[in-house]
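Okay, structure first, notes after.
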């Protein structure tokens, strides 16, 4: 795909998700603002997350756990500065971050959000409004854009703060160069190096684990991975919203399989799932698949399915409440979807791997299948034909999520912040 084709594809996607006015603003910025057109000097592919200019300032012999500040800004509250990559509607990773920020804001923590590339928005106010309207209604949200020039030249581009929190591999390099803080954290939601083939981007992502920041990990498995780099770690499980996802005890539609088919994310192994569904449909003629997660048509497969595309949470919950089984894959850290399916009483099939076996229990709260089409197809057929197993997994899934509402998850992390507050007198 050349640069023009890439721009056309992104423009069409923006128009679908944001409308004409916002898309016009984004295209205008891309054409007129140099940092929107940053390119790898050896690769013409457009890269909004280019951090080459930051790498020249990073000394990997140094540990970037602590900043220069020695004491809290205020005895009455804790100041947190979040470094965020650009976000869009439906971003699951940002959704989790904004949930966390909402929880902390309601408990008196002062949160400031710094976006590394704000050119997708006409103003900081618009970015805050999008979070409020499309994610969570966080009151008095303070959103700012990071300015590259000030960061490179002066470093102290943000207001004094207690803790800086990186949220993605490219944001970790920004966080490392912000010194007017007490300590740096890294909100790790996945093992990002393996998003890339072995090469420059893989090393770029992996090297952020060598900066020495305190890792807050979205699973025990991720915490184990971070400990291999000798990082301080805390971890949490991914949660769910019990007001949206709950067991409605409805009669489920026989033979209906719901599949999270976000094929743009390689780690979701959508092609594997589609092949498995095709094989299963030959053995279960009345099977019907409902796909969601991507708006584009998925063609070339010989089995009956309906693609709902990118849908809202309440519609997703309705599908989970009516389907007979759920299919959700992740080849890296496990995702939000299995927990939300389980909370809806839906029996779940996931792929077997160190990442999932570390979280779920096979044939107790989930059915784990070897990552190949025939094994997954066998699991689908087995679960559709075994009512007792479906009931067992449904009951086990509900037990698994019993203590995993988001409020419970965040409350479980609060002692970490209290511990850090008590240690500020170092």
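The values are calculated or read from the model by the stated rules, or taken from the named source; none is laboratory data. The model shown is predicted, which means the values in this text are computed figures rather than measured ones. With ideal geometry, Cβ positions are generated from the backbone for all residues, glycine too; neighbour counts draw on all protein chains shown.
Annotation: residue 168 fulfils all but one of (1) within 30 Å of residue 323 (Cα to Cα); (2) crowded, with 21+ Cβ neighbours inside 10 Å; the unmet one is (1).
Across region 117-136, the qualifying residues are those that are within 17 Å of the chain's Cα centre (by Cα) and under 26 Å from residue 77 (Cβ atoms), and the one among them that is surrounded by the fewest Cβ atoms within 10 Å (Cβ to Cβ) is 136.
Within the span defined as region 343-350, one or more residues are surrounded by 23 or more Cβ atoms within 10 Å (Cβ to Cβ), assigned to a helix (DSSP H, G or I) and either in contact (Cβ under 8 Å) with a residue 40 or more places away in the chain or under 17 Å from the mean Cα position of the chain (by Cα) (or both). Somewhere in region 83-93, is a residue farther than 30 Å from residue 264 by Cα, surrounded by 15 or more Cβ atoms within 10 Å (Cβ to Cβ) and at pLDDT 90 or above? Checking region 83-93: not a single residue is farther than 30 Å from residue 264 by Cα, surrounded by 15 or more Cβ atoms within 10 Å (Cβ to Cβ) and at pLDDT 90 or above. The conditions of being outside any helix (DSSP H, G or I), modelled with pLDDT of 95 or more and not assigned by TED's automatic domain parsing to the domain that holds residue 217 are not met by residue 389. The set of residues in region 52-79 being out of contact with any helix residue (DSSP H, G or I) (no Cβ under 9 Å at 6 or more places or on another chain), in contact (Cβ under 8 Å) with a residue 40 or more places away in the chain and in a loop (DSSP other than H, G, I, E, B) consists of 63, 65, 67, 68, 69, 73. Evaluate the following for residue 397: is it over 24 Å from residue 275 (Cα atoms) and in a loop (DSSP other than H, G, I, E, B)? Against the criterion (over 24 Å from residue 275 (Cα atoms) and in a loop (DSSP other than H, G, I, E, B)), residue 397 does not qualify.
For region 228-241, a residue qualifies if it is out of contact with any strand residue (DSSP E or B) (no Cβ under 6 Å at 6 or more places or on another chain) and more than 24 Å from residue 313 (Cα to Cα), and the qualifying residues are 228, 229, 230. Scanning region 269-284 for residues that are in a helix (DSSP H, G or I) and surrounded by fewer than 24 Cβ atoms within 10 Å (Cβ to Cβ) returns 270, 271, 272, 274, 275, 278, 279, 281, 282, 283.
Residue-by-condition table, conditions (1) at pLDDT 95 or above; (2) under 30 Å from residue 386 (Cα atoms):
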residue	(1), (2)
206	yes, no
228	yes, no
233	yes, no
237	yes, yes
240	yes, yes
264	no, no
267	no, yes
281	yes, yes
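Applying the condition of being in contact with a helix residue (DSSP H, G or I) (Cβ under 7 Å, 6 or more places away or on another chain) and part of a strand (DSSP E or B) to region 351-371 and asking which residue is nearest to residue 243 (Cα to Cα) yields 366. Among the conditions (1) touching a residue at least 60 places away in the same chain (Cβ under 8 Å); (2) not assigned by TED's automatic domain parsing to the domain that holds residue 313; (3) not in a strand (DSSP E or B), the only one that residue 251 does not satisfy is (1). Just one residue in the set 203, 182, 158 is surrounded by fewer than 17 Cβ atoms within 10 Å (Cβ to Cβ) and either touching a strand residue (DSSP E or B) at 6+ places or on another chain (Cβ under 7 Å) or assigned by TED's automatic domain parsing to the domain that holds residue 119 (or both); that residue is 203. In the set 372, 407, 355, only one residue is buried (at least 17 other Cβ atoms within 10 Å of the Cβ) and more than 18 Å from residue 255 (Cα to Cα); that residue is 355. Taking the criterion of being closer than 17 Å to residue 53 by Cα and either out of contact with any helix residue (DSSP H, G or I) (no Cβ under 9 Å at 6 or more places or on another chain) or assigned to a loop (DSSP other than H, G, I, E, B) (or both), the residues of region 176-210 that qualify are 177, 178, 200.
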